[in-house]
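The values are calculated or read from the model by the stated rules, or taken from the named source; none is laboratory data. A quick note: this is a predicted structure, and the numbers were derived from the prediction, not measured. Here the Cβ positions follow ideal geometry from the backbone for every residue, glycine too, while neighbour counts run over all protein chains shown. Heads up: the accessible areas ignore ligands, DNA and RNA and are worked out on the full protein's heavy atoms, side chains in. Shrake-Rupley method; radii C 1.70, N 1.55, O 1.52, S 1.80 Å.
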Amino acid sequence: MAFELPELPYSYDALAPYMSRETLEFHHDKHHLAYVNNGNNLLKGTEFEGKSVEEVVVGSFGKNAGLFNNAGQHYNHIHFWKWMKPNGGGAIPGELEKKIVEDFGSVSKLREDFIQAGVTQFGSGWAWLAVKDGKLVVTKTPNGENPLVHGATPILGVDVWEHSYYIDYRNLRPKYLEAFFDNLVNWDYVAELYSKA
Ligand code: FE2
């Protein structure tokens, strides 16, 4: 099946002041759309035509860099829009919170580790909360890579490409990461992915 650009699950103004309309217009309408279009062009004539985006991501990793980069970014952004919501952050659903405390010691330790992963990802990439071998782990990846290709299931990710924060935060990536964790995360969606991981 061809890749398709999903609609944002909220209005372009809904995440302000933490993420502006201008950022969402560029990020969703131009950057994500480019990954969709490039991915579809690169899919043509390959063994991956008709496969799910997850299958394309895992199957093309290490074999077809152009296709992988675009398919990876398509997958990452499909979820990134849903990992945020207006008035996000705050309370974490019980089961997930229990597991976070079990594996990290506290929610504030997870927050610290997650922000640190985003801050220390050199250049473009992503920071993640993922489930690996039954345990929650924080990781970071370059460019379009994600935990799927490392045998883990991503349940929360934050885009640290400059296109995600430069309009609103300029060079202050740590401020963007703090605002993401404290004011944007849609923990209900994270909990839904956790329950299926
Ligand atoms: Fe992005």
Among the residues listed as V107, V53, V101, V58, the single one being of a type outside the set (S, T, N, Q), farther than 20 Å from W161 by Cβ and surrounded by 16 or more Cβ atoms within 10 Å (Cβ to Cβ): V58
Qualifying helices (runs of 4 or more DSSP H) (wholly inside the range 152-197; at least 2 residues being within 16 Å of the ligand (Cβ to nearest atom) and at pLDDT 95 or above): 166-169, 173-179
Residues of the range 1-42 satisfying the condition of being within 27 Å of N64 (Cα to Cα) and part of a loop (DSSP other than H, G, I, E, B): M1, A2, F3, E4, L5, P6
The listed residue being at pLDDT 95 or above, over 19 Å from the mean Cα position of the chain (by Cα) and assigned by TED's automatic domain parsing to the domain that holds V149, out of V101, V119, V131: V101
Test: residue in the range 75-85 that is open to solvent by 30 Å² or more (accessible area, probe 1.4 Å) and either within 16 Å of the ligand (Cβ to nearest atom) or hydrophobic (A, V, I, L, M, F, W, C) (or both): yes
Tally, over the range 89-142, of residues that are assigned to a strand (DSSP E or B) and not small (G, A, S): 13
Selected residue [without any contact (Cβ under 8 Å) to a residue 12 or more places away in the chain and under 17 Å from the mean Cα position of the chain (by Cα)] from E54, E7: E7
Complete set of residues in the range 156-175 that are touching a residue at least 24 places away in the same chain (Cβ under 8 Å) and farther than 16 Å from H77 by Cβ: I167, D168, R173, P174
Qualifying position, being within 16 Å of the ligand (Cβ to nearest atom), out of contact with any Ser or Thr (no Cβ under 9 Å at 6 or more places or on another chain) and among the small types (G, A, S), among G50, G88, G39: G39
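So that you can scan it fast, the table gives a plain yes or no per residue for (1) under 27 Å from F181 (Cβ atoms); (2) at pLDDT 95 or above; (3) among the polar types (S, T, N, Q):
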residue: Y12; (1), (2), (3): yes, yes, no
residue: M19; (1), (2), (3): yes, yes, no
residue: E25; (1), (2), (3): yes, yes, no
residue: N38; (1), (2), (3): no, yes, yes
residue: N41; (1), (2), (3): no, yes, yes
residue: G50; (1), (2), (3): no, no, no
Verdict on F26 being without any contact (Cβ under 8 Å) to a residue 24 or more places away in the chain and buried (at least 16 other Cβ atoms within 10 Å of the Cβ): no
Subset of the range 182-197 [open to solvent by less than 50 Å² (accessible area, probe 1.4 Å) and under 8 Å from G88 (Cα atoms)]: N183, L184, V185, N186, W187
Near pairs, Cβ below 6 angstrom, 6+ apart or cross-chain, from the range 65-81 (in the same structural domain as Y35 (by TED's automatic domain parsing)) to any residue that is open to solvent by 10 Å² or more (accessible area, probe 1.4 Å) and within 12 Å of the ligand (Cβ to nearest atom): N70/Y35; Q73/Y35; H74/Y35
